[in-house]
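The values are calculated or read from the model by the stated rules, or taken from the named source; none is laboratory data. Just so we're clear, the structure is a prediction, and the values are computed from it rather than from any experiment. Counting neighbours? That spans all protein chains shown, and the Cβs are built from the backbone with ideal geometry, glycine included. Side chains are part of the model used for accessible areas, which takes the heavy atoms of the whole protein and leaves out ligands, DNA and RNA. Shrake-Rupley method; radii C 1.70, N 1.55, O 1.52, S 1.80 Å.
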Amino acid sequence: MSDTIVIFGASGDLTSRKLIPALYQLHRKGRLKKPVRIVGFSRSKFSHDEWRTSLAESTAEFAGEHFDAERWETFAQQIYYHPGDISQADDFSSLSRFLDEIEGSEPSGRVYYLSTAPRFYEQAIEQLGRAGLAEEGESFRRIIIEKPFGTDLASAKELNRCVHQVFSEHQVYRIDHYLGKETVQNLLVLRFGNSIFEPIWNRNYIDHVQITVAEAVDVGSRAGYYDTAGVVRDMVQNHLLQLLMVTAMESPVRYEADAIRNEKVKVLDAIQSLQLEDVGSDTFRGQYRGYTSSDGVEPTSHTATFAALKLGIDNWRWQGVPFYLRSGKAMSCRTTQIVIQFHAPPHKLFADSPRDLGEANRLVIQVQPAEGIQLHFQTKVPDAEMRMRQTDLSFNYQREFRGAMPEAYERLLLDALEGDASLFARADEVEAAWRICDPILQAWQQNDRPTLYMYDPGFWGPDECREWMLAQGREWFDNCPVLG
Ligand SMILES: NC(=O)c1ccc[n+]([C@@H]2O[C@H](COP(=O)([O-])OP(=O)(O)OC[C@H]3O[C@@H](n4cnc5c(N)ncnc54)[C@H](OP(=O)(O)O)[C@@H]3O)[C@@H](O)[C@H]2O)c1
C-alpha cells in the first residue's frame, strides 16, 4: 500500500521552500507509515529528473545539515513531474492516466495540494471533480487548500460551496500553518495537560490577553498582492484568530478533529461583531512610512500594514476580558507571542507592591522565534530593606529539548496523509473568522475613522497605538525575544 501527493503549483516558492523539505524530513525521520509518491503539476516544462535535480538543490538549502545526499536519492525515486495547466481539462485527464500508471493496480490514497495563487483554487477543484479525481472508492481522496481562504465572507462562502460540490467536508484540509507549530499545539498541552493553569484561566484572574504577530520585514516583493489584502486579511483573519481560539477555547471532550473544532468555533461565535461605531474606538490601523513607494503599490494607498483590535468574548469565562490582537510589518523584530496578563494583587501589602498591570503577573507564550514560556512574578531583592523586582521562570524549547523545531508543514502533511484534520480549519470556522473581519474591513474602507497613522519602520507601530492602549489603563508588552 502507498499514497500519492499531487502538488499543484509544483514550480512555486512554497513547494521548494516548505513542502518538499518537509516531506523529505518525514522520509528521513521514518515518519511516513506508507511509501509516498510525489507528483508535481504546473505549466513549466521539466522532465522528472530535471524537477528532482532542482528540488535536491532547494531541499539541501532549506534542510541544511539534515540533508543527506544518499537518503535524498532514495526519496527522489518517488518524485515525478507532470506538466499541466489548471485551465485545461485535457491536462487533468492526462494527469489521471499518469497517476493510474505510476500507482499500478494497488489502491492508493491521494492528497491534492493546492499550492497555487488563490485565483486558481475554484478552477482546480472543478477540474479535479470533472476528471473524477475526487471520487473515493477503496482509497481516500483529500484536498489541502492553502491560505488565504477567500477575501471576505461572501468569497469564502462561495469557495466552500465550490469545494463541497466536489469534495465532502471530511476530505477537505484548509491549512493555516500556525496550527502546525509546536508552540501552538503546546498551548493545548499547557492548558489541558496541566492542572494549575485551567483554574486561573478566566475573568477572575486575567485582566486581558495580548496576541502579537510582528514581522521585521516590510512587504518586499509581495507588495502588489499585499496592497490588495492588507494586514487584516493577511494575518488577522487566519493566524491571529487561530491563536485567539486556541487560547480561549474550552477543553474538548476528546482529542479529535471535530471535538476540537467545535470548541474553537464556539469562541468565534461568542465574539461580538464590531458595529460601525465601535470600529472607530476598538480598532487601530497604521501604515509604515515608505510603504507607498514599494513597487506595485498605489502612491495614495490606504492599505493598513499595522492593525490592533480589541475583541470581547461573550461567554462566562471571558466576559469583560479584552483580547487585543496586533500585527504589523516593518516592526522592531520578528515575534509571535501571546501574553496572558493577570490582575494586580488586590491588596498592596508592601510599599513596593505592583501598582500597575505592567508589574503584575504575566504569562508570556513565545510562539516564535525563541520558542518558550515565561512566567513573570515579583521577588524580594536580597537586601536589608524590603524591595521587590519582577523576575521570571523561563522554559525554553531549545534548552530543554535541543535540536531544531520541526517545521509546521511536516506535522500538517503527515496529518493530512493520516486523515487527522484536528489542526486544519473547518468550513464554518473560516466563515466565522470572516464574519468578525468583514465589518472591520468594510468600515475601514468606507470611513476615515479610525485614522490611518503612520509609523517609522523598526518600531512597534504608531506611537498613537501605545496611547490608545494607555487610555484603556493597559500597556503593550513590547518585547523582542532573546535568541540563542
Ligand atoms: N510561499 C509561501 O511561503 C506561502 C506561505 C503561506 C501560504 N502560501 C500560499 O501558497 C500558495 C502558493 O504560493 P507560492 O508562494 O508558492 O506561489 P508562487 O511561487 O507564485 O507559485 C505559484 C505556482 O502556481 C503555478 N501556476 C500558475 N498558474 C498556473 C496554471 N494556470 N496552471 C498550473 N499551475 C500554475 C506556477 O507554476 P507555472 O508558472 O510553472 O505554471 C507556480 O508553480 C498561495 O496561495 C500562497 O498564498 C505561500
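Summary table
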{"quantity": "Long-range HN-HN contacts of Ala304 with modeled amide H, under 5 Å", "calculated": "Val231"}
{"quantity": "Under 5 Å, built H, 5+ apart or other chain: amide partners of Thr151", "calculated": "Ala156"}
{"quantity": "Solvent-accessible heavy-atom area per residue, rounded to whole Å², over the range 2-146 at 1.4 Å", "calculated": "46"}
{"quantity": "Two-site label geometry, Arg449 and Arg222: point separation in nm, points 7 Å out along Cα→Cβ", "calculated": "3.2"}
{"quantity": "Fully extended contour minus Cα-Cα distance, from Asp68 to Leu188, at 0.36 nm per residue", "calculated": "39.8 nm"}
{"quantity": "Computed lengthening from Ala117 to Asp356, 0.36 nm per intervening residue step minus Cα-Cα distance", "calculated": "81.3 nm"}
{"quantity": "For the range 333-405, accessible area per residue (1.4 Å probe, heavy atoms of protein chains only), Å²", "calculated": "57"}
{"quantity": "Pairs of lysines in the chain (C-alpha under 26 Å apart; 8 or more residues apart or interchain)", "calculated": "27"}
{"quantity": "Cα shape, the range 2-146, gyration tensor, a/c 1.5 rule", "calculated": "prolate"}
{"quantity": "Surface per residue (accessible, 1.4 Å probe) for the range 416-469, Å²", "calculated": "44"}
{"quantity": "Gyration tensor (alpha-carbon) shape descriptor, the range 431-484, a/c threshold 1.5", "calculated": "prolate"}
{"quantity": "Whole-percent carbon and sulfur share, accessible surface of the range 2-146, 1.4 Å", "calculated": "43"}
{"quantity": "Amide H contacts under 5 Å for His208, placed H, 5+ residues apart", "calculated": "Gln341"}
{"quantity": "In Å², nearest 10: area of Lys147 left accessible to a 1.4 Å probe", "calculated": "50"}
{"quantity": "Helix-derived mean residue ellipticity, 222 nm - over the chain, DSSP H n ≥ 4, -39500 (n - 2.57), to 500", "calculated": "-10000 deg cm²/dmol"}
{"quantity": "Unit charges on C-beta of K, R, D, E only; dipole of the range 282-389, Debye", "calculated": "80"}
{"quantity": "Charge sum, other residues only, whose C-beta stays under 12 Å from Phe92's C-beta, Lys/Arg counted +1 and Asp/Glu -1", "calculated": "-2"}
{"quantity": "Net length gained if the chain between Ile102 and Ala471 were fully extended (0.36 nm per residue, minus Cα distance)", "calculated": "126.4 nm"}
{"quantity": "Cα-based shape type of the range 415-458, given that a ≥ b ≥ c are square roots of the gyration tensor eigenvalues and the cut on a/c is 1.5", "calculated": "oblate"}
{"quantity": "Where no second cysteine Cβ lies under 4.7 Å, the cysteines concerned in the chain", "calculated": "Cys162, Cys437, Cys465"}
{"quantity": "In Hz, Karplus ³J(HN,Hα) per residue of the range 326-335 (6.51, -1.76, 1.60; θ = phi - 60°; x = Gly, Pro)", "calculated": "9, 8, x, 9, 6, 9, 4, 7, 8, 7"}
